[in-house]
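Below is one structure; the comments refer to it alone.
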Amino acid sequence: MDKLLIEGGRPLSGEVAISGAKNAALPLLCAALLTREPLTLTNVPSLNDIGTMLKLLAQMGVKVTREKVGASGTVTLDASALDNPVAPYELVKTMRASVLVLGPLVARAGEARVSLPGGCAIGARPVDQHIKGLTAMGAEVSVEQGYVHARTTGSGGRLKGARLFTDMVTVTGTENLMMAGCLADGETVIENAAREPEVVDLANCLVAMGAQISGAGTDVIRIRGVERLHGATHRIMPDRIETGTFLCAAAAAGGQIRLTQTSASYLDAVIDKLMDTGCDITLERDAITLKAPARPLAVSIRTSPYPAFPTDMQAQFMALNAVAEGTAVIRETIFENRFMHAVELIRLGADIKIDGNTAFVKGVTKLDGATVMATDLRASASLVIAGLVAQGETLIERIYHLDRGYENLEQKLAALGASVRRVK
Ligand code: EPZ
């Protein structure tokens, strides 16, 4: 298994380009299932999760054409020969986002068999809201032998538009139900919808494919079902979490960096918190420059659905607070087990106390390199940030977690002057 070896204690400086957003690309790839015509996506990041999703779609009968693997590239999907509406356990267990094929398959093919994703490191992550919504739209859904079986019963095998209310804000739940509504008979209203920018990016693409959607980005999304969707070309939005991760790294390690092909407009909560640490941030139309203070000030955070502080940035801010001046209180309200990076940061010398879903981080003046283990995608990013700050060498194990969500991370960090290399 690959490991990442980091020689810490060096400030960052230089410029990197941000890749396409993983959490926009994943639902967008599934949107191809909704039409017989080709869907072309550009700025698709080259990530393991993207590879897994393409494999999942190909085994369903979708024709996948991919240009320029290895860096953000173009993917064209043709689902005209969709003949196997099944998402098998072997693929779903490696990537929970596979559940995003459920809504489109039922809407397009009238049936779907999707393996339950099972839990993952950060929590149980059930899909009950996805099932509740599809059932309300007239699908017959049962869960047998670890698979969700869903099929339409209505005349002509179509779902029926319905008024849906999710018990909690769910990003992929909103995305699944929005895609299902595109081909339903009548109007679907999703209340308590997720407002994440990735939901808006998906809605924009669906509208380009002929869907009738209004309210994306607010907590009430209306979808008027149409007979069929057509092909389109759509550029994937920049990855706001990759952007936030690099900004956090510079705030913690010191120095000045410039991020291009990105936008600060989806990161208000994160930018505000970074300014509170004493960072000097300059925003341009599609670039962000951050100049770190000599030592960051501690900032407390509480994760919440968009537009509040994103849970996907919580681990990175814990690493930043580990070396900040003062004590920070971090509350994780979205997932029940998203503090696994804390024990690894403590191995590097951090002073962190966990009490339920609250972490108390007392900043220390320095961390010392050690061997640590990644447990999930954003926890891995947190360990990379801590490794950049720690004196001496930090060896991060199980970095396949990182490869799921960060494109060419070591090359980008090396371009910023970090000493990072992948070892077998
Ligand atoms: C999406 O996951 C993201 N993944 C996650 O990013 C992100 O952390 C999460 O949203 C929250 O912002 C993708 O978009 C592919 P949820 P998702 O449904 O949709 C509970 C990363 O690091 N819930 O919004 O799976 C759930 O357990 C990943 O890139 C139910 O109880 O998250 C959680 O506590 C990690 N029943 C909360 O809601 C349901 O049916 C929010 O989950 C659905 C969700």
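The values are calculated or read from the model by the stated rules, or taken from the named source; none is laboratory data. The structure presented is a predicted model; accordingly, all values stated were derived computationally and were not measured. Note: ideal-geometry Cβ built from the backbone for every residue, glycine included; neighbour counts use all protein chains shown. In case anyone asks, the SASA skips ligands and DNA or RNA and just uses the protein heavy atoms, side chains included. Shrake-Rupley method; radii C 1.70, N 1.55, O 1.52, S 1.80 Å.
Take every Cα-Cα distance within region 48-100, group them into 10 Å bins from 0 onward, and report for each bin the whole-number percent of pairs it holds.
24, 52, 24, 0
Tell me, what does the Kirkwood hydrodynamic radius of region 226-326 come to in angstroms if you use every pair of distinct C-alpha atoms?
Computed over Cα pairs of region 226-326, the Kirkwood hydrodynamic radius comes out at 14.4 Å.
Would you mind working out the accessible area per residue for the chain, using a 1.4 Å probe, and quoting it in Å²?
37 Å²
Using Cα pairs under 8 angstrom and six or more residues apart, how large is the relative contact order of region 283-364, in percent? It would help to have the intermediate numbers written out before the result.
Numbers: 132 pairs, mean separation 24.7, N = 82.
Across region 283-364, relative contact order equals 30 percent.
Share of region 57-171's accessible area from carbon and sulfur, percent, 1.4 Å?
Here it works out to 54 percent.
Output the Cα-based Rg and Dmax of region 1-97 in Å, rounding Rg to one decimal and Dmax to a whole number.
According to the Cα coordinates of region 1-97, Rg and Dmax are 16.3, 54 Å.
Please compute the length gained on full extension between Asp276 and Tyr400, using 0.36 nm multiplied by the number of residues separating them and subtracting their Cα-Cα distance.
41.4 nm
Ranking request for peptides 193-199, 214-220, 323-329: highest mean number of other beta-carbon atoms within 10 Å first, then the rest in descending order.
For the peptides 193-199, 214-220, 323-329, the packing ranking is 193-199, 323-329, 214-220.
For region 243-332, which trypsin sites (Lys or Arg not before Pro) are both in a DSSP coil and crowded by at most 14 other Cβ atoms within 10 Å?
Here the trypsin sites (Lys or Arg not before Pro) that fit, given the DSSP loop and packing criteria, are Arg285.
Mind putting a number on the dipole of region 69-177 about its Cα centre? Charges go on the C-beta only, +1 for Lys and Arg and -1 for Asp and Glu, and I need it in Debye to the nearest 20.
Dipole magnitude for region 69-177 comes out near 220 debye.
If the convex hull of the alpha-carbon atoms of region 91-168 is projected onto planes in all directions, what is the mean projected area in square nanometres? Display every interim value, and only then the final one.
On the way: hull surface 21.4 nm².
Approximately 5.3 nm², given one-decimal rounding.
When only C-alpha pairs under 8 Å and at least 6 residues apart count, what is the relative contact order of the chain, in percent?
About 21 percent, as a whole number.
Taking the Cα centre of region 111-175 as the origin and placing charges on Cβ (Lys, Arg +1; Asp, Glu -1), which of Leu164, Gly146, Pro117 is farthest toward the positive end of the dipole?
Checked the options; the winner is Leu164.
Mind checking the dipole of the chain: about its Cα centre, +1 per Lys or Arg Cβ, -1 per Asp or Glu Cβ, Debye to the nearest 20?
Numbers: 43 positive and 45 negative charges, 70 e Å.
In total the dipole reaches around 340 debye.
Could you give me D for the chain, from Stokes-Einstein at 4 °C and 1.567 mPa s, where the hydrodynamic radius is the Kirkwood radius over C-alpha pairs? Units µm² s⁻¹, please.
This corresponds to a translational diffusion coefficient of 59 µm²/s.
Within 10 Å of each candidate Cβ there may be at most 15 other Cβ atoms; applying that plus a DSSP loop requirement, which trypsin sites (Lys or Arg not before Pro) in region 47-108 survive?
For trypsin sites (Lys or Arg not before Pro) across region 47-108 that sit outside H, G, I, E and B with at most 15 neighbouring Cβ atoms in 10 Å, the list reads Lys68, Lys93.
For region 1-38 and region 91-118, compute the distance between their C-alpha centroids and round to whole Å.
Centre-to-centre (Cα) distance: 22 Å.
Seen from all sides and averaged, what is the projected area of the convex hull of the Cα atoms in region 295-424, in nm²?
Reported value for the Cα convex hull: 7.7 nm².
222 nm [θ] for the chain, helices only, -39500 (n - 2.57) per DSSP H run of 4+, per residue, to 500?
-9000 deg cm²/dmol
List the lysines whose alpha-carbon lies under 17 Å from that of Lys353, not counting same-chain residues fewer than 8 positions away?
Cross-link targets: Lys362.
Given Cα pairs under 8 Å that are at least 6 residues apart, what percent is the relative contact order of region 318-390?
This gives 39 percent for region 318-390.
Take peptides 72-78, 121-127 and line them up by average Cβ neighbours within 10 Å, highest first, as a rough protection proxy.
Numbers: 72-78: 19.9, 121-127: 15.6.
Packing proxy ranking, top to bottom: 72-78, 121-127.
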